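Enquirer: My structure is below; once you've seen it, I'll send some questions.
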Amino acid sequence: MCPRLPGIGVGSAFMLAMPLWGWLARRFGIRAVSLVCFPIACFGMFASALSAGSPWLAAGCLILATLAMSVIDGYGNALFLRACK
């Protein structure tokens, strides 16, 4: 049995690092961060599908994809707010 954080999933816990994702986007630019995060998310999803025989490996790949998607979600809000200005 895996230990769990009370009331928070691993994917939601990555959202707590939103200040770090914002700093990365300001430091390196949104385009550079997205050029890194989208392939990582894609690799994590495809690798989890291909590693269906090993549940721990599939779960690790999904967690990697969730980390990359939380970064994408972090700067995606900034783009939306700029467009609606």
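Enquirer: Can you tell me the orientation of helix 30-50 relative to the chain, as the angle in degrees between its alpha-carbon axis and the longest Cα principal axis, to the nearest 10?
Expert: On a 0 to 90 degree scale, this one is about 20.
Enquirer: In a GNM of the chain with a 10 Å cut-off on Cα contacts, which of Gly29, Gly44, Gly74 has the highest mean-square fluctuation?
Expert: Of Gly29, Gly44, Gly74, the most mobile in the Gaussian network model is Gly29.
Enquirer: Here is a further query. Rounded to the nearest 10 degrees, what's the angle between the helix 55-83 long axis and the longest principal axis of the chain, both from Cα atoms, 0 to 90?
Expert: 10 degrees
Enquirer: How high is the relative contact order of region 6-68, in percent, counting Cα pairs under 8 Å that sit 6 or more residues apart? Walk me through the numbers on the way to the answer.
Expert: Values: 41 pairs, mean separation 22.5, N = 63.
Once divided by the residue count of region 6-68, the mean separation gives 36 percent.
Enquirer: Next question, about the same structure. Output the peptides 60-67, 14-21 sorted from most to least packed, where packing is the average of other Cβ atoms within 10 Å over each peptide's residues.
Expert: Details: 60-67: 17.9, 14-21: 14.5.
Going by the mean number of other Cβ atoms within 10 Å, highest first, we get 60-67, 14-21.
Quick note: the coordinates plus some simple rules give every number you see, no bench work behind them. Every value quoted in this text rests on a predicted model; they were computed, and no experiment measured them. Glycine gets a Cβ as well: all are built from the backbone with ideal geometry, and neighbour counts include every protein chain shown.
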